[in-house]
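Student: Take a look at the following structure, please.
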Amino acid sequence: MNLYNHKLEDNSKNINCSKILTVEDLLQQVASLHETVSTAPTPPSLVIVDRLEGYLHGSQSCAAHVSALLCDTAAFLTQILEQRGSSSAPCRVIASYHSELQAGSASGELPAPDPILAVLDRYFQVRCTLDRDRSCKATAAGLQELWHIFLSGTGLTEASPAKGSEVRNVGVAHEWQLVIFPDGLMEFTLV
C-alpha cells in the first residue's frame with residue numbers, strides 16, 4: 001500500500017512515494033502534510049492513496065476518519081497553494097478502493113452494498129468505478145481487454161451552453177469505454 005503526493009510548480013515535477021503499512025502510519029503521514037508547508041517550497045497538489053481497503057479492514061468509522069483527514073488536508077493545501085499564487089491549486093485526492101462486496105458473485109446475483117463505499121461517497125465528490133467486460137462480444141472482437149468506466153457523484157460538472165456561463169454541478173453519471181488492444185494501444189470512448 002502506498003501514499004503518493006505530487007508537487008508541480010514552474011514545470012518542475014516532484015513525486016514523493018511512501019510505503020505505509022498501517023492505518024496509524026497512514027493517518028500520521030497525511031497529517032504530516034500540514035507540516036510540510038513551512039519547509040517545502042511548494043505544497044503537494046495531488047495526494048494518491050492506493051488500496052485504501054488494506055487500511056480500513058471493514059471499519060466504517062476508520063473509513064470516515066481517514067476520508068475526513070484526506071479531505072481536510074486537501075482543503076488546507078489548496079488554501080496554501082492559492083495564497084502562494086500557485087497554478088497547481090486546488091490540491092486533489094485520489095483514493096483507490098477495491099470492494100470485495102461489489103465484485104459480485106459467480107452466480108450472477110447482485111452484490112450486497114458495501115457500507116464502506118457509502119462512507120467514502122459522503123466524503124469524496126466523484127466516484128470512478130471500473131468494470132471489466134468479460135463478455136463474448138469483447139472476446140470475439142479480439143480485444144485484449146474491454147473496461148467500462150463509470151464516473152458518478154455530486155462533484156461532476158459540465159459547462160453550461162451559454163457563453164460565459166459558469167460551470168454547473170450536474171451530479172449525473174458518465175460512462176466511458178476503454179479498449180486495450182493486443183498491441184497495447186488504448187482507446188477511450190464516451191458511451
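Student: Once you place label points 7 Å from the Cα toward the Cβ at Trp147 and Leu190, how far apart are they in nm?
Tutor: 2.0
Student: Something else: Whole number please: convex hull volume per residue, Cα atoms of region 33-135, in Å³. Please report the intermediate quantities before stating the final value.
Tutor: Values: hull volume 12.3 nm³, N = 103.
In region 33-135, the Cα hull volume divided by residue count equals 120 Å³.
Student: On to the next question. Please compute the modelled spin-label separation between Ser96 and Ser38, points set 7 Å along Cα→Cβ, answer in nm with one decimal.
Tutor: Here the modelled spin labels are 3.5 nm apart.
Student: Taking the Cβ of Ile180 as the center, what net charge do the other residues with Cβ under 12 Å away carry, scoring Lys and Arg +1 and Asp and Glu -1? Mind dumping the intermediate values first?
Tutor: Working: positive: Arg132; negative: Asp133, Glu145, Asp183, Glu187.
Net charge around Ile180: -3.
Each reported figure results from applying straightforward, stated rules to the coordinates on display, with no laboratory input. Everything quoted here is computed from the prediction, not taken from an experiment. A quick note on method: Cβ atoms are made from the backbone with ideal geometry, for glycine too, and the neighbour counts reach across all protein chains shown.
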